[in-house]
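I have placed the structure first, in the form of structure tokens, so that the comments after it can refer back to it.
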Amino acid sequence: MSPTRRGVLAGALALAACDRAPAAAVAGPDLAPLRASAPFPVGVSGMTAQLDDPAWAGLVTRHFGRLTPEWEMKLEAFLPGDDDRLDFSRADRLVAWAEARGLAVFGHTLVWYAQTAPRFEQLDGAGARFERAYADYVTAIARRYRGRVVGWDVVNEPIRDDGEGLRESLWSRNLRPVEHIRLAFDLARAADPDAVLFLNDYNLETSPAKRRAFLRLAETLLAAGAPLGGLGTQTHVDCALPAGAIRAAVADLAALGLPVHVSEIDVSTDRGDPARQPAIYAEAVEAMAALPPAQRFGVTVWGARDGDSWLRRGGEHNPLRPDRPLLFDDAARPKPAASAFAAALP
Ligand code: G3I
């Protein structure tokens, strides 16, 4: 008798309860490809450093249908030097790798407060010359990958962590807070008429103030006629996340009628009860599946195996108690979270 989905989910939750058991004891069965039965794209972040790892490549091509470059489509990769020469090599390699394997690519990210380059710092306060450099950059990137990405995070993390309005940045200082965002969307649309253009941010599940400010910005852009085409909620959460938080955030974002992207989900086991992890991933899947089809832009996991996670590279990483935030363990075996993700698919 084939296990019911509910039964698999219950099994995954039970397995997770022994989350502290050796990895082999919690690895789920060989999982059917997640992307095959999902009513929305299932994405994963990836990096050029992983492309030659057969275990990573096999897992990604089996379960995921879309790749978000983890850092190679950011300013730090495109403008690595002190001059204005653009380096497309890393992004080109990732995009070609994905295309050769039938994976779509989602561009992340054109404008981010967290990354600038000497090219722009030297033009700080230079007025029209700064704007020209900004326009040239956004246009060059969006134009190069026209037809090769399904969408872009045009502006990433525009809202202050306290939710009290927009972040201050080199971009906002030189081109004004909302105007630089509007300009980036207009430039991206002019360079790529078909890409879905997103605003993306984090902590929208845990900070009502930040979620309200994010939605206010989206409404302002829409009212001004900006080509805003979707809303991304990164969903970097942990096992202490209250049940229903993801569902509420996705529903709030969807109320504007645009596609919604759970764009970077990981569920850290560093806080809360690790046994909650499968249910949290299941909630994200159910929230996405509950949207009207046109709004289901998809769920993207921020890494394939636990060891691929940025959380394992951060300074606060504890090697004696490694974080296990993703769907597959260090050996690429499905965890209870992966089984729960699959069981939650309609
Ligand atoms: O591996 C390369 C190395 O070959 C190269 O020589 C070196 C030069 O700087 O860079 C190394 O790559 C690093 C990369 O992570 C892989 O470890 C980059 O320096 C480093 O900046 C990059 O950090 C990424 C970070 O964004 C900044 O771009 C993380 O991987 C990535 O997970 C993180 O992702 C962010 C999202 O974009 C936005 N939401 C939050 C999320 C987590 O911080």
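Bear in mind these aren't lab numbers, they're just calculated from the coordinates by the rules spelled out. Fair warning: this is a prediction, and the values are worked out from it, not measured in the lab. Glycine also receives a Cβ, built like all others from the backbone with ideal geometry; neighbour counts cover every protein chain displayed.
Sorting R143, R312 by the number of Cβ atoms found within 10 Å of their own Cβ, with the fewest placed first, yields R143, R312. Using all pairs of distinct alpha-carbon atoms, the Kirkwood hydrodynamic radius of the range 33-135 works out to 15.2 angstrom.
Below 8 Å, C-alpha to C-alpha, sequence gap of six or more: please give me the relative contact order for the range 117-275 in percent. Here the relative contact order equals 21 percent.
Under the criterion of Cα pairs below 8 Å and six or more residues apart, the relative contact order for the chain equals 21 percent. Residue by residue, the range 167-172 carries 3J(HN,Hα) couplings of 5, 8, 7, 4, 5, 5 Hz when phi is fed to the Karplus relation 6.51 cos²θ - 1.76 cosθ + 1.60 (θ = phi - 60°); x denotes Gly or Pro.
In summary, the convex hull built on the alpha carbon positions of the chain has an orientation-averaged projected area of 16.9 nm². Backbone phi angles across the range 182-189, fed through the Karplus curve with coefficients 6.51, -1.76 and 1.60 (θ = phi - 60°), yield HN-Hα couplings of 4, 5, 4, 5, 5, 5, 5, 5 Hz in residue order; Gly and Pro are listed as x. Averaging the sequence gap over all C-alpha pairs within less than 8 Å and six or more residues apart, then dividing by the number of residues, gives the range 294-336 a relative contact order of 39 percent. With the gyration tensor restricted to C-alpha atoms of the range 119-185, the semi-axes of the equivalent ellipsoid amount to 21, 18, 8 Å, longest first.
Each of H317, H180 was scored by other Cβ atoms within 10 Å of its Cβ. Arranged with the fewest first, they read H317, H180. DSSP beta bridges confined to the chain are antiparallel in about 5 percent of cases. Mind jotting down the distance between the C-alpha centroids of the range 107-167 and the range 214-232, whole Å? Cα centroid to Cα centroid, the span is 16 Å.
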